[in-house]
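Read through the structure below, which is laid out as structure tokens, and then see the notes.
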Amino acid sequence: MDKPSHLSVILDLSPTQWALCAQSANPTGITLQTFLSQLLAFLNAHIACKDENTLAVFGAFPGQSGMLYSSTGEITSARTESTDANTYRPFRTLDSTLMTLIAERLESYDSTTEEAPIGLVGCLTKALCYINRAITTSSSSVTEIEGAVASVDPRILVLSVSPDQSSTYIPIMNSIFSAQKLKVTIDVCKIFGAENVFLQQAAHLTGGAYVQVERTDALLQYMMMSFLPPPAIRQLISVPTQDRVDFRAACFCHKRIVEIGFVCSVCLSIFCQPVPVCSTCRTKFPIKTLQRLRDARPLAAAAPPTKPLAPKNGTATPARPG
Ligand SMILES: [Zn+2]
Ligand SMILES: [Zn+2]
């Protein structure tokens, strides 16, 4: 551990998903309170590993995202801190700032209205911007930037409880490409719920680890063993990797996750069915190609309903012949 390491943590703080997680019996769930106390132990461990280590925490709330803590001191809790001789000061600042801001944000949500999708993409882009700024302010030329990336060893850890939102496919893919360019590793820890297709791809494409927590009572152990070592150390220790990655994409037209898609040969947009004009780049495709693609589709997807549905009231217009 010669080099300092930067860690950006993205917390999925959807009240509905956390309530479901707390009630879950199989697998055993975990309450938000227990999760946060284990998280603080993990974050403190990261700061304690090395004096120069930096940390930023982002919260994905329903319909919005925001920074909750940064070790460079942009966010501070409004509460005046009492000094405690028995606590290491950076730990105390982190714990109180994070807990106060999370409590404030969560209190403002109305549980009676339907919850908006969480701002995961907002958090990802904010974390990438933060890392980019940290790298570029300390260096000006291209070679210096490459040196800075190597010395900071930046990574993002996503702690997720919410399911995929297929409408976020494009922005998440764009974030993955930016992360690859900045040499940022994205790790994913799935605490509750089904596997997350897009986050699996994010971890796979940036060389990170995707860990599906099977026993929530051992959450801290999962985090300490898999996510505390920076990427450079991971060549020496064995971090769980995925044996199977779900590479499905979402179509650009309906934002549905598709098994078979049709890709525009000009701009690489994905569609769930052959289209005469690409809605992204306006390229027109010849009728012959469309016909060939339609014929090549598997039967189950391509076959039109064989019979029009019989009307229930029996007085509808007779079906046209042919
Ligand atoms: Zn579609
Ligand atoms: Zn196109």
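The values are calculated or read from the model by the stated rules, or taken from the named source; none is laboratory data. Treat the numbers as computed from the prediction; the structure is a model and nothing was measured. Neighbour counts run over all protein chains shown; Cβ positions are idealised from the backbone, glycine included.
Odds and ends about this structure:
- Considered as a group, the residues in the range 254-266 that are part of a loop (DSSP other than H, G, I, E, B) and of a type outside the set (Ser, Thr, Tyr) include one that is nearest to ligand 1 (Cβ to nearest atom), and that residue is HIS254.
- Selection count where residues are among the β-branched types (Val, Ile, Thr) and free of Cβ contacts under 8 Å to residues at least 60 places away in the same chain, scope the range 1-33: 1
- Residue that is nearest to ARG155 (Cα to Cα) [pool: residues in the range 207-234 that are surrounded by 15 or more Cβ atoms within 10 Å (Cβ to Cβ) and of a type in the set (Val, Ile, Thr)]: VAL211
- Residue count for the range 243-292 satisfying the condition of being farther than 27 Å from PHE198 by Cα and surrounded by 16 or more Cβ atoms within 10 Å (Cβ to Cβ): 1.
- Qualifying position, being at pLDDT below 90 and either within 25 Å of ARG133 (Cα to Cα) or acidic (Asp, Glu) (or both), among PRO240, PRO230: PRO230
- Residues being at pLDDT below 90 and either surrounded by fewer than 18 Cβ atoms within 10 Å (Cβ to Cβ) or not assigned by TED's automatic domain parsing to the domain that holds GLN23 (or both) - total across the range 194-206: 2
Each row is one residue, and each column tells you yes or no for (1) away from ligand 1 (no atom under 16 Å from the Cβ); (2) out of contact with any strand residue (DSSP E or B) (no Cβ under 8 Å at 6 or more places or on another chain); (3) free of Cβ contacts under 8 Å to residues at least 24 places away in the same chain; (4) of a type outside the set (A, V, I, L, M, F, W, C).
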residue	(1), (2), (3), (4)
VAL211	yes, no, no, no
MET223	yes, no, no, no
LEU228	yes, yes, no, no
ALA232	yes, yes, no, no
PHE247	yes, yes, no, no
PHE252	no, no, no, no
PRO274	no, no, yes, yes
VAL277	no, no, yes, no
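- Unmet requirement for THR83, which otherwise passes all of (1) loosely packed, with under 14 Cβ neighbours inside 10 Å; (2) at pLDDT 90 or above: (2)
- Within the range 241-298, the set of residues being more than 16 Å from ligand 2 (Cβ to nearest atom), closer than 24 Å to HIS204 by Cα and of a type in the set (Val, Ile, Thr) comprises THR241, VAL245, ILE257, VAL258, ILE260.
- Residue, nearest to the chain's Cα centre (by Cα), within the range 117-151, restricted to residues that are of a type in the set (Val, Ile, Thr) and either closer than 14 Å to THR72 by Cα or modelled with pLDDT of 80 or more (or both): VAL121
- Being aliphatic (A, V, I, L, M) and not assigned by TED's automatic domain parsing to the domain that holds LEU43 holds for only one residue in VAL188, VAL258, VAL211, and it is VAL258.
- A single member of SER14, SER37, SER24 is surrounded by 19 or more Cβ atoms within 10 Å (Cβ to Cβ), assigned by TED's automatic domain parsing to the domain that holds TYR222 and within 23 Å of GLY193 (Cβ to Cβ), and it is SER14.
- Among (1) exposed (fewer than 15 other Cβ atoms within 10 Å of the Cβ); (2) farther than 21 Å from GLU214 by Cβ; (3) hydroxyl-bearing (Ser, Thr, Tyr) - the single one SER5 does not satisfy: (1)
- The requirement of being in contact with a helix residue (DSSP H, G or I) (Cβ under 8 Å, 6 or more places away or on another chain) and not in a loop (DSSP other than H, G, I, E, B) is not satisfied by SER37.
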